[in-house]
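> Quick one: this structure, given as structure tokens, is what I'll be asking you about.
The values are calculated or read from the model by the stated rules, or taken from the named source; none is laboratory data. Keep in mind that what you see is a predicted model, and the values were worked out from it rather than measured. Cβ atoms come from the backbone with ideal geometry, glycine included; neighbour counts cover every protein chain shown. To get the accessible areas, we keep the full protein, side chains included, count just its heavy atoms, and leave off ligands, DNA and RNA. Shrake-Rupley method; radii C 1.70, N 1.55, O 1.52, S 1.80 Å.
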Amino acid sequence: MNLKHLVFGKTINNLSKINAKPASVRSKDLSTISAAISPSIHQVSSGQNYAYLQNPKNPKPTFPFLRYIYSTRETRLSYAGVEAKLVSSESEDEEDGAVNEFLSRFIWITRGKLTEVYTDCNKETIDGMLLVIVEKVVEEMEKGGIQQMVGSTVAMPTQEFSEDLWRTVWEVSNMVLEDMEKARKKEKMKLFLQSEEVKEMCRFAGEVGIRGDLLRELRFKWAKEKMEEKDFYESLERFRHKKQEKVGNVLDKHGVATEDTPKVASLPKRKGNIKYKIYGLDMSDPKWAEVAHKIHEREEMIWPKEPKPIHGKCKLVLEKILSLKKEDDPSQLLAEWIELLQPTRVDWITLLEKLEQQNPDIHLKITELVLREESFQTSGSDYTKLIDAYAKETDVEGAERILKKMVESGIMPDSLTATILVHMYSKVGNIDRAKEAFESLRSYGFLPDVKIYRSMIMAYINAGETRLAQSLLKEMETRDIKPSEEIYMALLRSFAHHGDCMGASQIANIMQFSPFQLNMEYFSLLVEAHGKGGDPDQARSNFDNMIKHGHKPDDKCTANMIAAYEKKNLLEKGLDLLMQLEKDGFEPGIATYSVLLGWFGKLELVDEVEQLLGKIAELGEVPPLKVHVSLCDMYSRAGIEKKALQALGVLEARKDELGPHEFERAINALIAGGFVHDARRIHGIMESKGFKASEQLKMALMASRTFSQRRPLNR
């Protein structure tokens, strides 16, 4: 590395020209360094110092040839005498300051290396060695030999120094020059950090919310960019001066320098077309001009333009459109607005946005009319957005109308439209149309996501097709899509409602190995499923597991457990369970009392049923419908006409809430009690509701007509 390129841009050249200085200056520099090294240097002869450096018996000066990294503080000379002498020369020019700094740093680092190698030598001997090395370095600097030494990797040995010592001098010199360059850049960076431009950018960054380390990093980055920019222009300026000097020194044909030669420096003239590449592409090719023109045309279509200004009569028409009511016809006003404004797509979008904000009742109606306007440039996404708007309002008729217009215009529904239809039909319970939309999604090659699967599963559950919902759940698992807890619980509720023990057990097994927490509802649904499925033992097992998991059974869960025992008529086990729960602090509610009342009613335990009616009245709640059905059944079979007719009157008043099972139970009870006329009347109400009687009920009615019985007397 050349020495003149390592220290300050222009001052390093002076290091190689040190022999051009007067002899008094050179002797002054050397005497300053020698006096600073040690006052007892004259007591040690130069021959003794060379002996230490070259005597084979002495330790060989094998220096560690690693590139040490020193900061300015580490390489700065801390020896008090040397520092005092160098600082006292502040009146010298910049040239002498650079040389003094170089020698000071060089002495500081070399002293440390000599001390590491010659551990047995005292301070006076080290100072003598240091003086010999510095004298030789200064001598080489005067002769220009130091440039060759620094620029080569291996120095030529001389009589005074060995090859290893020269190599160490070369490393130390490069290290010093690098540290000096770093110090120069650091000082220069401080000036740019405090410049007004950098401060202004930092103030702006602080105003927009940038703080802390990020602001500090940005400040250093901006200062570095400003410094590099200034260095670049300074290098151009130096280049211009060099060219001017070169032109000014041109000789004419007689060997005389011409004074009138213009000193002008300029960059070389360009020949041919500019060629430049970006990521390997030759951007000077004419085809890229065509590409840029096409991109500009597409940007004009995509980039939002400003809507036309609306004023005068057009503004009045716009105000009338915004004030329309839902039942008004906006066609005439829209035609007038189109004639006055000649709108583009941007103007239409602006109008629709204002309608959505100010008059949402008429927004969808006008949007549907706008779709057929040629100036609106209707696309498939516009139809899809309108279908989605109708779907969110559960307006199936409106969504299907827009879908029909979409197909008539030649635009086929895409996967997004099919997804919207799946959600809409699933929400309204139209399972057939939901299936069609779901299959159309698959025909497009679209893989349904969790939301679509959820909508279809809920649609199947609401339609009572729980097994189809379970098949979709298995399909999700095969595609590594994790169903949510909501889907599992919905399936479990459906299986429990239908009394499907096997389906409920399958869902329960999956949930046990999932990260979901098994809550109270989980166990209650399992109890209900096995109870309705006719397996009271498994229902009791789930009931006990619920208690083991720390859940206290509530009124509904206990009622499901009692209903499981009722199905098998295990009255003793049911009563034992109630007594055990009451000991643990459980208080039966209306659900438990209703199940017990129905059970006792089937057994025609009239007194016990009336006691339960009193407890329900004490709770202050209205008895559910199934209680009145049980009362009508019990009183009719028991032949208590007055109370039977009272219960029947309640059922007739709430006939809209009755299902086919409740109708048949009441009719069979009336026939069994001899109330044939009332049974036929209730059968007529059942048929008017659209419910068909079972074959067993039809046979009972026919038998009652053939063998009519007299009504029993009042009890």
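> Give the residue that is most open to solvent (accessible area, probe 1.4 Å), with candidates limited to residues of the range 104-139 that are part of a helix (DSSP H, G or I) and among the hydroxyl-bearing types (S, T, Y). Break it down stepwise before answering.
Step one: filter the range 104-139 for residues part of a helix (DSSP H, G or I), giving 104-117, 123-139.
Right, trim to among the hydroxyl-bearing types (S, T, Y) and you get 104, 110, 115, 125.
Details: S104: 9, T110: 14, T115: 75, T125: 17 Å².
Selected residue: T115.
> When K275 is evaluated against the numbered criteria (1) at pLDDT 90 or above; (2) open to solvent by 100 Å² or more (accessible area, probe 1.4 Å), which criterion, by number, is the only one it fails?
Of everything listed in (1) at pLDDT 90 or above; (2) open to solvent by 100 Å² or more (accessible area, probe 1.4 Å), K275 misses just condition (1).
> State all residues of the range 426-445 that are open to solvent by less than 70 Å² (accessible area, probe 1.4 Å) and either aromatic (F, W, Y) or in a helix (DSSP H, G or I) (or both); if no residue qualifies, say none.
Result: S426, V428, I431, A434, K435, A437, F438, S440, L441.
> In the range 637-676, what residues are open to solvent by 20 Å² or more (accessible area, probe 1.4 Å) and within 13 Å of K626 (Cβ to Cβ)?
V650, R654, E657, H661, E662, R665
> Checking G464 against (1) open to solvent by 50 Å² or more (accessible area, probe 1.4 Å); (2) farther than 26 Å from E368 by Cβ; (3) outside any helix (DSSP H, G or I), which single condition isn't satisfied?
Of (1) open to solvent by 50 Å² or more (accessible area, probe 1.4 Å); (2) farther than 26 Å from E368 by Cβ; (3) outside any helix (DSSP H, G or I), only one is false for G464: (1).
> Just to check your reading of the model, which residue among E528, E477 is outside any loop (DSSP other than H, G, I, E, B) and modelled with pLDDT under 90?
Step by step, each of E528, E477 is checked, and only E477 is outside any loop (DSSP other than H, G, I, E, B) and modelled with pLDDT under 90.
> I'd like the full set of residues that are on the phi < 0 side of the Ramachandran plot and open to solvent by 10 Å² or more (accessible area, probe 1.4 Å), limited to the range 560-570.
Of everything in the range 560-570, those that are on the phi < 0 side of the Ramachandran plot and open to solvent by 10 Å² or more (accessible area, probe 1.4 Å) turn out to be N560, A563, E566, K567, K568, L570.
> Right, here's the next one. If you scan the range 368-386, which residues turn out to be open to solvent by 20 Å² or more (accessible area, probe 1.4 Å) and over 32 Å from the mean Cα position of the chain (by Cα)?
E368, L369, R372, E373, E374, S375, Q377, T378
> When A617 is evaluated against the numbered criteria (1) in contact with a helix residue (DSSP H, G or I) (Cβ under 9 Å, 6 or more places away or on another chain); (2) open to solvent by 60 Å² or more (accessible area, probe 1.4 Å), which criterion, by number, is the only one it fails?
Only one criterion in (1) in contact with a helix residue (DSSP H, G or I) (Cβ under 9 Å, 6 or more places away or on another chain); (2) open to solvent by 60 Å² or more (accessible area, probe 1.4 Å) is unmet by A617, namely (1).
> Return the residues of the range 387-419 that are among the hydroxyl-bearing types (S, T, Y) and surrounded by fewer than 21 Cβ atoms within 10 Å (Cβ to Cβ); say none if nothing qualifies.
If the condition is that a residue be among the hydroxyl-bearing types (S, T, Y) and surrounded by fewer than 21 Cβ atoms within 10 Å (Cβ to Cβ), then T394, S409, S415 are the ones that fit.
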